[in-house]
Amino acid sequence: MTEIITSSPAATEAFAETIARRFTGGEIIAFKGGMGMGKTCFTRGVARGLDYEGQVTSPTFALVNEYLGGRLPLFHFDMYRIESWEDLYSSGFFDYAERGGVMAVEWSENIEAALEGREVITVELQQINEDTRRILLEGGIY
Ligand SMILES: Nc1ncnc2c1ncn2[C@@H]1O[C@H](COP(=O)(O)OP(=O)(O)O)[C@@H](O)[C@H]1O
Ligand SMILES: [Mg+2]
């Protein structure tokens, strides 16, 4: 378990970047924490840590955004609307999981059954105040 407090979006991004610099492929980040906690912000940092230089935006309407061109592919999911195994299969989650990239999964609470038995890094974001977040990492080397 690792805990860190950040006091700006830039700090959250920078922290995520240092984490992702060590990634070698196959990592699954399972985010926990509601709307506006900083999941997409953290994912932006992960992209930077993988040397991806393009824009990183919320996949809310697309379900998944692919960021290719960095050191490793990054697949960024928003599982907010996933309610069934059928939904999950349609999202492409299982196909992406076999591509050896890094998976960043927002609303992982909704796909717990699919993550069971996989090695995941859980990243929980909690709001302390407007610009401050507590970030808890668990799993893998954390
Ligand atoms: N310490 C912080 N870390 C991350 N985001 C923060 C922080 N403080 C304020 N914010 C703000 O919180 C919001 C987080 O948005 P976003 O990353 O899209 O959240 P989520 O994906 O969890 O819904 C942004 O508006 C960001 O500027
Ligand atoms: Mg988001």
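Return the whole-Å distance between the Cα centroid of region 39-91 and the Cα centroid of region 126-142.
19 Å
Please arrange Met103, Met37 by how many other C-beta atoms lie within 10 Å of their C-beta, fewest to most.
Sorted ascending by nearby Cβ count, the order is Met37, Met103.
Just grab the label-to-label distance for Ile128 and Glu3, each label 7 Å out from Cα along the Cβ direction, in nm (one decimal).
The modelled label-to-label distance comes out at 1.0 nm.
Express the Stokes-Einstein translational diffusion coefficient of the chain in µm² s⁻¹, to the nearest whole number, given a Kirkwood radius over alpha-carbon pairs, 37 °C and a viscosity of 0.692 mPa s.
Numbers: Rh = 14.9 Å.
Using the Kirkwood radius from Cα pairs, D works out to 220 µm²/s.
For region 73-78, just list the computed ³J(HN,Hα) in residue order, Karplus coefficients 6.51, -1.76 and 1.60, θ = phi - 60°, integers in Hz, with x standing in for Gly and Pro.
x, 10, 10, 10, 9, 10
Do the sum for the chain: with -39,500 (n - 2.57) for every DSSP H run of n ≥ 4, divided by all residues, what is the mean residue ellipticity at 222 nm, to the nearest 500 deg cm²/dmol?
Numbers: 5 runs with 39 residues, N = 142.
Dividing the helical sum by the residues of the chain leaves -7500 deg cm²/dmol.
For each of Ile4, Ile29, Ile82, count neighbouring Cβ atoms within 10 Å of the residue's Cβ, then give the residues from fewest to most. Show your work: numbers first, answer last.
Numbers: Ile4 13, Ile29 28, Ile82 22.
By the 10 Å Cβ count, ascending, the order reads Ile4, Ile82, Ile29.
Please identify the GluC sites (Glu not before Pro) of region 13-105 that satisfy two criteria: DSSP loop assignment and at most 15 other Cβ atoms within 10 Å. Which are they? Intermediate results must be reported in sequence, preceding the final value.
Details: sites: Glu13, Glu17, Glu27, Glu53, Glu66, Glu83, Glu86, Glu98; in loops: Glu27, Glu53, Glu83, Glu98.
Within region 13-105, the qualifying GluC sites (Glu not before Pro) (loop, at most 15 other Cβ atoms within 10 Å) are Glu53, Glu83, Glu98.
Coordinate-derived values only; no laboratory data. Quantities reported herein were computed from a predicted structural model and do not represent experimental measurements. No Cβ is skipped: glycine too gets one built from the backbone with ideal geometry, and neighbour counts run over all protein chains shown.
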